[in-house]
Amino acid sequence: MPSFVKDKYFLLCLAAAFILLCSSFDNDMTDTKEIGIVYEITESKNGFVFCFENTDGEKMRCFSRSEPEEGSIYEISGNWSDDGTMFFTDSMTKLS
C-alpha cells in the first residue's frame, strides 16, 4: 500500500472532500421550480391550500399566502415540508 494512504492529513482531506460531495446531493432544502395547473383551492387562516399537477402528471398539495386562480397554469418555486407532504411556495408566476 502506498505510504501517502496512511498519512493522517491525506485521510483528513479525503474525508472533507467526501463530506462536501455528499452535501451537494442534498436536494431537500434546495429551491424547487415546477410548472403546472392549479385546482381545488381552499382558504385557510394563514393562506391558501391547493392541488397542483405538474407537467409530468405528478400531483402535489401546496400552500401559498397569495390566492391562485382555479384552472390556471403557474410556475411555482419553493420548498417541501420536513415530512414531504406539503409544498410551500416562495413565488407563483401565472403563465396563462
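The values are calculated or read from the model by the stated rules, or taken from the named source; none is laboratory data. The shown structure was predicted, so the numbers you read here are calculated from the model rather than taken from an experiment. Positions of Cβ are backbone-derived with ideal geometry, glycine not excepted, and every protein chain shown enters the neighbour counts. Ligands, DNA and RNA are stripped out before the accessible areas are found, and what is left, the full protein with its side chains, is counted by its heavy atoms. Shrake-Rupley method; radii C 1.70, N 1.55, O 1.52, S 1.80 Å.
State yes or no: is residue 83 out of contact with any Cys (no Cβ under 6 Å at 6 or more places or on another chain) and assigned to a strand (DSSP E or B)?
no
Would you mind finding the one in 85, 93, 55 that is open to solvent by 50 Å² or more (accessible area, probe 1.4 Å), at pLDDT below 95 and touching a Lys or Arg at 6+ places or on another chain (Cβ under 8 Å)?
85
Could you please give the count of residues in the stretch 60-74 that are surrounded by 14 or more Cβ atoms within 10 Å (Cβ to Cβ) and part of a strand (DSSP E or B)?
Summing the residues that are surrounded by 14 or more Cβ atoms within 10 Å (Cβ to Cβ) and part of a strand (DSSP E or B) in the stretch 60-74 gives 6.
Which residues, counting only those in the stretch 51-96, are on the phi > 0 side of the Ramachandran plot and over 15 Å from the mean Cα position of the chain (by Cα)?
Passing the criteria: 57, 71.
So how many residues does the stretch 32-78 have that are over 12 Å from residue 89 (Cβ atoms) and in contact with a Leu (Cβ under 9 Å, 6 or more places away or on another chain)?
3
Is it the case that some residue within the stretch 3-20 is among the hydroxyl-bearing types (Ser, Thr, Tyr), under 17 Å from the mean Cα position of the chain (by Cα) and modelled with pLDDT under 95?
Scanning the stretch 3-20, I find no residue that is among the hydroxyl-bearing types (Ser, Thr, Tyr), under 17 Å from the mean Cα position of the chain (by Cα) and modelled with pLDDT under 95, so the answer is no.
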